[in-house]
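Enquirer: Okay, here's the structure, questions in a sec.
The values are calculated or read from the model by the stated rules, or taken from the named source; none is laboratory data. A quick note: this is a predicted structure, and the numbers were derived from the prediction, not measured. Don't worry about glycine lacking a Cβ; one is built from the backbone with ideal geometry, like all the others, and counts go over all protein chains shown. All accessible areas refer to the heavy atoms of the entire protein, side chains included, with ligands and DNA or RNA removed. Shrake-Rupley method; radii C 1.70, N 1.55, O 1.52, S 1.80 Å.
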Amino acid sequence: MEKLLAGDHPVLELLRQQYAASRVAYRDETGVGVFVTFLVPGDARRLPTNRSFAIRDVSADVDGLQFGVGFILFVRRGFIHCLEAHLWGDGRWPERIENYSLYYTKLIGASVVRATERDWEALTKELEGP
């Protein structure tokens, strides 16, 4: 979550505040993914646009996984809603994760590729919407 919400943008700042005040409502482990749904308190500030979107530019290399893991943070109606962690490619989650490294990704055509830094232009479009 820290890497997904990192950066100097007012939307990210508000999402960090929501995350700090939230609690995990439930987790759903599917074998190839994990979904963590958050409960944000009713008095938390909603994003002014009341929009729904996803932040999906963080992945991880994980020992024991050939292709690693991708992360998606879903924002629904102005509040953080759910974090999805999914396997890239075939495989199953390792029994225990001991070593991993996070990195940013960017979309080039239909391909998701490793990036040396965050693609702020693409992220800003997602955060600010049409």
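Enquirer: Find the residue count for the stretch 4-29, including only residues that are among the acidic types (Asp, Glu) and part of a strand (DSSP E or B).
Expert: Of the residues in the stretch 4-29, 2 are among the acidic types (Asp, Glu) and part of a strand (DSSP E or B).
Enquirer: Across the stretch 99-130, what is the number of residues that are among the small types (Gly, Ala, Ser) and touching a Lys or Arg at 6+ places or on another chain (Cβ under 8 Å)?
Expert: The qualifying residues number 3.
Enquirer: Need the failing condition index for VAL34 against (1) surrounded by 15 or more Cβ atoms within 10 Å (Cβ to Cβ); (2) at pLDDT 95 or above, just the number.
Expert: Of (1) surrounded by 15 or more Cβ atoms within 10 Å (Cβ to Cβ); (2) at pLDDT 95 or above, only one is false for VAL34: (2).
Enquirer: Out of (1) under 20 Å from LYS125 (Cα atoms); (2) at pLDDT 90 or above, what's the single condition that is false for HIS86?
Expert: Here HIS86 clears every test but (1).
Enquirer: Among the residues of the stretch 60-87, which ones are part of a loop (DSSP other than H, G, I, E, B) and surrounded by fewer than 16 Cβ atoms within 10 Å (Cβ to Cβ)?
Expert: ASP63, GLY64, GLN66, PHE67, ARG77
Enquirer: Would you mind stating whether ARG27 is under 25 Å from GLY68 (Cα atoms) and open to solvent by 80 Å² or more (accessible area, probe 1.4 Å)?
Expert: For ARG27, the condition - under 25 Å from GLY68 (Cα atoms) and open to solvent by 80 Å² or more (accessible area, probe 1.4 Å) - is met.
Enquirer: Follow-up question, since we're still on this one. Yes or no: the stretch 30-52 includes at least one residue that is touching a residue at least 40 places away in the same chain (Cβ under 8 Å), assigned to a helix (DSSP H, G or I) and not acidic (Asp, Glu).
Expert: no
Enquirer: For the stretch 89-109, give me each residue that is open to solvent by 90 Å² or more (accessible area, probe 1.4 Å) and within 17 Å of ALA54 (Cβ to Cβ).
Expert: Hit for the stretch 89-109 is LEU107, nothing else.
Enquirer: So is VAL112 under 18 Å from the mean Cα position of the chain (by Cα), more than 17 Å from GLU2 (Cβ to Cβ) and open to solvent by less than 80 Å² (accessible area, probe 1.4 Å) or not?
Expert: yes
Enquirer: Just to be sure I understand the filter: pairs with C-beta atoms under 7 Å, separated by 6 or more residues or on different chains, first member in the stretch 94-112 and in contact (Cβ under 8 Å) with a residue 12 or more places away in the chain, second member open to solvent by less than 80 Å² (accessible area, probe 1.4 Å) and acidic (Asp, Glu). Which pairs pass?
Expert: TYR100/ASP61; SER101/ASP61; TYR104/ASP57; THR105/ASP57; LYS106/ASP57; LYS106/ASP119
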